[in-house]
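K.L.:
Provided herewith is a single structure, encoded as structure tokens, for subsequent inquiry.
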């Protein structure tokens, strides 16, 4: 289901008070109008345009243009596994294989099992929710949580990127319109990737246009 | 210095039951789980600092509830088993 932050609102460029606050706002507004986008939050927060939220190390003159997560359908595996884990104790008990085990052990065992299930579901949800790919008016930021203990944050300045590319294909990806966005950079980190994000062609379009607009501004000496 | 009486040790081993051993495993496992739950609370704090989001508050509450549940099950295992 698509959630729209401000359905019916005029495009950001047309909103009073936005223009003139900073040249980067004009750039963002132009790119959003050109790509036919408007501030919105779709697919359970997997595709947010101009969300107005903040991230670690965000600078004063920096604004988030796109905040992306993997498409919600990529969570189907662990959601199904969680459901199986929830019903498994009931199925096993109904077979009678624990008939000789005292009731108090069954109770504690069941509670422990549900606790582990909750932990598993929480962990998977947190990886998905907090592993984000952010496009700002200045750079690309890839925040990845490898596990609960380990976090990597990769940055690529929009001035230092080569042409971004997208990869999609296969039945599920085509059906749900998600894929990978790979941006080659001229910095030490050779590529920065957004895996399984919704509407990759739009993401590539927005990144390209932002980089192009910045290049034009730089050429003009602004 | 504590002296271990070999006779007492033999008595303890003789009185061991299968369910006694299982209880031991449960308690040790749940203590480790409790430590892990504490780490999760800490890590969620770090995650919520990384990206500002409207769900950050709810996720933090979930982590604390999970920690309380872990404490509850540990206490239950010690008392009931």
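The values are calculated or read from the model by the stated rules, or taken from the named source; none is laboratory data. Because the structure is a prediction, the values reported are computed rather than measured. Here the Cβ is made from the backbone with ideal geometry for all residues, glycine too, and neighbour counts use every protein chain on show.
K.L.:
If a residue has to be surrounded by fewer than 17 Cβ atoms within 10 Å (Cβ to Cβ), out of contact with any helix residue (DSSP H, G or I) (no Cβ under 8 Å at 6 or more places or on another chain) and at pLDDT 85 or above to count, how many in the range A:20-41 make the cut?
P.N.:
The total comes to 1.
K.L.:
Consider residue A:195 carefully, then state whether it is in contact with a strand residue (DSSP E or B) (Cβ under 8 Å, 6 or more places away or on another chain) and assigned to a strand (DSSP E or B).
P.N.:
Yes: the conditions hold for residue A:195.
K.L.:
Testing residue B:62 on (1) within 8 Å of chain A (Cβ to nearest Cβ); (2) surrounded by fewer than 16 Cβ atoms within 10 Å (Cβ to Cβ); (3) under 20 Å from residue A:114 (Cα atoms), one condition comes back false. Which one is that?
P.N.:
(2)
K.L.:
Only residues that are more than 7 Å from every other protein chain (Cβ to nearest Cβ) and more than 14 Å from the chain's Cα centre (by Cα): list them for the range B:11-40, please.
P.N.:
Selection gives B:11, B:12, B:13, B:14, B:15, B:16, B:17, B:18, B:20, B:21.
Yes or no, residue by residue, for (1) within 13 Å of another protein chain (Cβ to nearest Cβ); (2) modelled with pLDDT of 90 or more:
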residue: A:69; (1), (2): yes, yes
residue: A:77; (1), (2): no, yes
residue: A:93; (1), (2): no, yes
residue: A:104; (1), (2): yes, yes
residue: A:114; (1), (2): yes, yes
residue: A:136; (1), (2): yes, yes
residue: A:146; (1), (2): yes, no
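K.L.:
I need the full set of residues from the range A:167-186 which are surrounded by 13 or more Cβ atoms within 10 Å (Cβ to Cβ), touching a helix residue (DSSP H, G or I) at 6+ places or on another chain (Cβ under 6 Å) and either in contact (Cβ under 8 Å) with a residue 60 or more places away in the chain or within 20 Å of residue A:137 (Cα to Cα) (or both), in order please.
P.N.:
Within the range A:167-186, A:176, A:181, A:185 meet the criteria.
K.L.:
A further question follows. State whether one or more residues within the range B:46-58 are more than 12 Å from every other protein chain (Cβ to nearest Cβ) and part of a helix (DSSP H, G or I).
P.N.:
yes
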